Amino acid sequence: MSRETVETPPLEDRPPVTGETSSSAAGATAIISTIKHGISRSGVSKSISSFSKVNKFGGFDCPGCAWPDPDDHRTIAEFCENGAKAVADEATKKKITAEFFAKYSVSDLSQKSDEWLNGQGRLTSPMLLDSNSNNYTTITWDNAFEIIADELSKLKSPDEAIFYTSGRTSNEAAFLWQLLARAFGTNNLPDCSNMCHESSGFALSDSIGIGKGTVKLEDFNSAELILVVGQNPGTNHPRMLTALRDAKKNGASVISINPLIETGMKKFKHPQNPLEMLGSGKSISDRHVRIKINGDMAFFRGLNHLLIKSGHFDPEFISTYTSGFDNYKESVQSVDWDEIESVSGISRKEIETIAEIVGKSNSLITCWAMGITQHHNSVETIQEMVNTHLLGGHIGRKGAGVCPVRGHSNVQGDRTVGINHIANPKLIQNILDSTGIRTPDTHGYDAVNAARAMIEGNGKVFLAMGGNYLSAMSDTKLIAEAMNHCELTVFVSTKLNRNHLVTGKKSLILPCLGRTEIDIQSGGNQFVTVENSMGIVHSSQGHMKPSSSDLMSEPAIVAGIASALESRVSMSDLGWNNLVEDYDRIRDLIEQTIPGFNNYNSRVRDKSGFYLPNSPRDNLTFDTDTKKANFRFHKITRIKPHSNEFVMMTIRSHDQYNTTVYSGQDRYRGIKSGRRIVMINPLDAKENNLHAGDLVDLISVFEGELRHSSKWYLVEYDIPRGNIATYFPEANELIPLNSTANVSNTPTSKSVVVRIKKCQD
């Protein structure tokens, strides 16, 4: 039977409703929104019960972002609006049963919006989409595991299997997942990091010897200056606003560097502070630098040139702890200010002002997110930002350090425990010593190369431990083609998403326990662990009754697949089911394999968890090629659109978490309904004979290839000239698969050259 499915969200039949942008973030409106969403999804009693346990000692970690919780105390409501929505969505009363899939074919479902799909409720039992069917049907867990094992054992090479991972996966499940892949014989372990902070990992590892940040939450209280670059905390990491507010109270200055003036960086009304709620809120950003898309490297180059020229650098720190300064100093001795101003969109005078502020600050924190990491030159840009810190000695100092702000709740932890397509010799040896598993010494596929492999017929089985690969990746139509080439696709999930509808010849949905739910194995009630953005590993234990008696935990699902596979292919006898009986056994194995997890089971039972080692932060040592922190110099590059072209960045709305869309609203930006919108500067609109509300097509231009996306509505917005913004996943189809960042291979979702054409029909 032929299955005709739609890989992108459906077109909208009415223009967006717009209004004024919000003057402050959070406040009473956020509280009301949280309450409404919670009650509508899970009811009053369940909402109260779940919200009372989120991010609390002995409770569960929010399935939203990875912002850390305070070590010493937790407030009454230690969560944000969007975190509460993530919890409510998981605790929803609505359920998807066999009757649902009998009613709706995958072709029918693919015509629905992402909001509608997400709103249908929790998946409740394993489902099979057979090669000759257009509807999912129920299947037993044992039969599902047998199908997976059969298809994997048929492959000519283990490298024809792809093991994808979402950043919400626990340390325990992620560790077993990567062991399963490697025991099977492949390092094909793409994950969501490949699409977000992979550039940060490569840049930081080379510059300072560790692929993560160097600050603790408490450092924000001691910082003199905080730079927030390419980030929208108000929507994507709302609890960070509390840290910024507290930093301001302690005398810190905050500078926002971003193409859009985001509401969260204007004013913040803390929902638990009556005075702030009743007043106008606390100002967050002292200065907004309205930079052009991808102008950040040029900005920091000009900044660093001025710091050196004015003598605002730390010779002792540089001499003792860094390498390459003399070459870097010589390379930036003179700069082309016309180039810097043109590329960044920032005047020399303004950069001089900020250089003076940076130069006089004794403790600098720089935070960034995907506005920095998703460009061709992301690695180079991050290393230029690190250079700023090395000049002033702002590493390993109280109140100072670099702070890449991670999105998914455990995306950093997944990478720490082995989810990595790169064959690391140390990890390979550690896995062999602790488990007897002989890991291949060749690199596997990242997210981009996994798609290429599937398209070329070299990737035939795609297994996803969470996530929505189709909608998260670039070049949506090509990704759909890639999925369709597979013999089997497998999705471990809690909620329905579009990737369940755009599949291989056969497809399985395996419903798993959520973060909020009780996890009982034969060894008793279990908990899992996660790592936040600042390297704290702590426990997470659900307290809610599972949505269905037929759900399995993520570790149990891995063990089920492995046990079925062991009877067909030669694998190390790890005792998978024995490990899953008691998650302490998994953690014991992690301790034996991954550095920094000594006394794991003991330390993680401390209510606040424990910090993983961070040598730049802890003792100013650097695991680099020079054994010092490295100054790195790269030439400034620029995007060169033609006169009729724009540089587009994709962004998420306020009522959205990653690819999960809760509604068509973007409250802070004044968008009351509609997602197929193009934010454009009013002067650019006028110059191109365009008007607010016009229906247009977008055409991306890359290496002679054109990609068309139809029927977008224009919204005039305060954005730098020559730049436009659109929402993802809707605009992902305009991002070419081959357009990736240097070194990291991350899709360039923030640097897409497009043309705008009025719709003719």
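I'd like to know if the stretch 243-255 contains one or more residues that are at positive phi, surrounded by 24 or more Cβ atoms within 10 Å (Cβ to Cβ) and out of contact with any Ser or Thr (no Cβ under 6 Å at 6 or more places or on another chain).
Within the stretch 243-255 (the criterion being at positive phi, surrounded by 24 or more Cβ atoms within 10 Å (Cβ to Cβ) and out of contact with any Ser or Thr (no Cβ under 6 Å at 6 or more places or on another chain)), the answer is no, since none of the residues qualifies.
Any residue in the stretch 591-602 that is surrounded by 16 or more Cβ atoms within 10 Å (Cβ to Cβ), modelled with pLDDT under 95 and assigned by TED's automatic domain parsing to the domain that holds residue 464?
Among the residues of the stretch 591-602, not one is surrounded by 16 or more Cβ atoms within 10 Å (Cβ to Cβ), modelled with pLDDT under 95 and assigned by TED's automatic domain parsing to the domain that holds residue 464, which makes the answer no.
Is there a residue in the stretch 493-506 that is assigned to a loop (DSSP other than H, G, I, E, B), modelled with pLDDT under 95, of a type outside the set (A, V, I, L, M) and in contact with an Asp or Glu (Cβ under 7 Å, 6 or more places away or on another chain)? If you could, list the steps in order and put the result at the bottom.
If we filter the stretch 493-506 for residues that are assigned to a loop (DSSP other than H, G, I, E, B), which is where we start, we get 494, 496-497, 501-505.
With the extra rule that they be modelled with pLDDT under 95, the set shrinks to none.
Checking the stretch 493-506: not a single residue is assigned to a loop (DSSP other than H, G, I, E, B), modelled with pLDDT under 95, of a type outside the set (A, V, I, L, M) and in contact with an Asp or Glu (Cβ under 7 Å, 6 or more places away or on another chain).
Confirm whether residue 463 is among the hydrophobic types (A, V, I, L, M, F, W, C), modelled with pLDDT of 95 or more and either assigned to a loop (DSSP other than H, G, I, E, B) or surrounded by fewer than 24 Cβ atoms within 10 Å (Cβ to Cβ) (or both).
no
Given the criteria over 26 Å from the mean Cα position of the chain (by Cα), assigned to a helix (DSSP H, G or I), of a type in the set (D, E, K, R) and assigned by TED's automatic domain parsing to the domain that holds residue 63, does residue 584 qualify?
Criteria met by residue 584.
Hey, does the stretch 430-443 have a residue that's in contact with a Lys or Arg (Cβ under 7 Å, 6 or more places away or on another chain), crowded, with 24+ Cβ neighbours inside 10 Å, on the phi < 0 side of the Ramachandran plot and among the aliphatic types (A, V, I, L, M)?
The answer is yes, given that some residue of the stretch 430-443 is in contact with a Lys or Arg (Cβ under 7 Å, 6 or more places away or on another chain), crowded, with 24+ Cβ neighbours inside 10 Å, on the phi < 0 side of the Ramachandran plot and among the aliphatic types (A, V, I, L, M).
With the structure loaded, tell me whether residue 507 is closer than 28 Å to residue 119 by Cβ and surrounded by 24 or more Cβ atoms within 10 Å (Cβ to Cβ) or whether it fails that test. Give the steps one after another, and end with the answer.
On the way: closer than 28 Å to residue 119 by Cβ: yes; surrounded by 24 or more Cβ atoms within 10 Å (Cβ to Cβ): yes.
When the stated conditions are applied, residue 507 passes them.
Could you please tell me which pairs satisfy a Cβ distance under 6 Å, a separation of 6+ or placement on different chains, a first residue in the stretch 698-721 that is in contact (Cβ under 8 Å) with a residue 24 or more places away in the chain, and a second residue that is of a type in the set (Asp, Glu) and outside any strand (DSSP E or B)?
Listed by first residue and then by second, the contacts come to 709/733; 714/694; 721/684.
Against the condition out of contact with any Leu (no Cβ under 8 Å at 6 or more places or on another chain), modelled with pLDDT of 95 or more, in a loop (DSSP other than H, G, I, E, B) and hydrophobic (A, V, I, L, M, F, W, C), how does residue 261 come out, does it pass?
The answer is no for residue 261.
Is one or more of the residues making up the stretch 390-408 on the phi > 0 side of the Ramachandran plot, out of contact with any Phe, Trp or Tyr (no Cβ under 6 Å at 6 or more places or on another chain), of a type outside the set (Phe, Trp, Tyr) and in a loop (DSSP other than H, G, I, E, B)?
yes
Using the structure shown, decide if residue 330 is over 26 Å from residue 241 (Cβ atoms), in a helix (DSSP H, G or I), touching a residue at least 40 places away in the same chain (Cβ under 8 Å) and charged (D, E, K, R). I'd like the intermediate steps shown before the answer.
Working: over 26 Å from residue 241 (Cβ atoms): yes; in a helix (DSSP H, G or I): yes; touching a residue at least 40 places away in the same chain (Cβ under 8 Å): no; charged (D, E, K, R): yes.
No.
State the number of residues belonging to the stretch 549-580 that are under 24 Å from residue 96 (Cα atoms) and buried (at least 16 other Cβ atoms within 10 Å of the Cβ).
Matching residues across the stretch 549-580 total 10.
In the stretch 189-210, which residue that is among the small types (Gly, Ala, Ser) and at negative phi is surrounded by the fewest Cβ atoms within 10 Å (Cβ to Cβ)?
Among those that are among the small types (Gly, Ala, Ser) and at negative phi, it is 205.
Does the stretch 211-225 contain any residue that is modelled with pLDDT of 95 or more, more than 27 Å from residue 354 (Cβ to Cβ) and surrounded by fewer than 24 Cβ atoms within 10 Å (Cβ to Cβ)?
Checked against the condition, which is being modelled with pLDDT of 95 or more, more than 27 Å from residue 354 (Cβ to Cβ) and surrounded by fewer than 24 Cβ atoms within 10 Å (Cβ to Cβ), the stretch 211-225 yields at least one hit.
Can you pull out the residues in the stretch 668-703 that are crowded, with 22+ Cβ neighbours inside 10 Å and out of contact with any helix residue (DSSP H, G or I) (no Cβ under 7 Å at 6 or more places or on another chain)?
Result: 669, 671, 677, 678, 679, 680.
Which numbered condition in (1) touching a residue at least 12 places away in the same chain (Cβ under 8 Å); (2) within 25 Å of residue 371 (Cβ to Cβ); (3) out of contact with any helix residue (DSSP H, G or I) (no Cβ under 9 Å at 6 or more places or on another chain) is the only one that residue 304 fails?
(3)
For the stretch 704-726: of the residues being under 26 Å from residue 263 (Cα atoms) and over 26 Å from the mean Cα position of the chain (by Cα), which is surrounded by the most Cβ atoms within 10 Å (Cβ to Cβ)?
Result: 715.
I'd like to verify a number: residues in the stretch 466-502 that are under 22 Å from residue 456 (Cα atoms) and either polar (S, T, N, Q) or in contact with a Phe, Trp or Tyr (Cβ under 6 Å, 6 or more places away or on another chain) (or both), how many?
Number satisfying all stated conditions: 10.
Sort out which residues of the stretch 359-370 are surrounded by fewer than 24 Cβ atoms within 10 Å (Cβ to Cβ) and part of a helix (DSSP H, G or I), and write them in order of number.
Hits for the stretch 359-370 are 359, 360.
Results for (1) in contact with a His (Cβ under 6 Å, 6 or more places away or on another chain); (2) part of a strand (DSSP E or B); (3) assigned by TED's automatic domain parsing to the domain that holds residue 140; (4) not aliphatic (A, V, I, L, M), shown as yes or no for each residue.
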site: 479; (1), (2), (3), (4): no, no, yes, no
site: 490; (1), (2), (3), (4): no, yes, yes, no
site: 515; (1), (2), (3), (4): no, no, yes, yes
site: 539; (1), (2), (3), (4): no, yes, yes, yes
site: 555; (1), (2), (3), (4): no, no, yes, yes
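Restricting attention to the stretch 221-242, which residues are over 26 Å from residue 295 (Cβ atoms), touching a residue at least 60 places away in the same chain (Cβ under 8 Å) and in a helix (DSSP H, G or I)?
Once the filter is applied, which keeps residues that are over 26 Å from residue 295 (Cβ atoms), touching a residue at least 60 places away in the same chain (Cβ under 8 Å) and in a helix (DSSP H, G or I), the stretch 221-242 yields only 221.
The values are calculated or read from the model by the stated rules, or taken from the named source; none is laboratory data. Keep in mind that this is a model prediction, so the values were computed, not measured. Backbone-built Cβ (ideal geometry, glycine too); neighbour counts: all protein chains shown.
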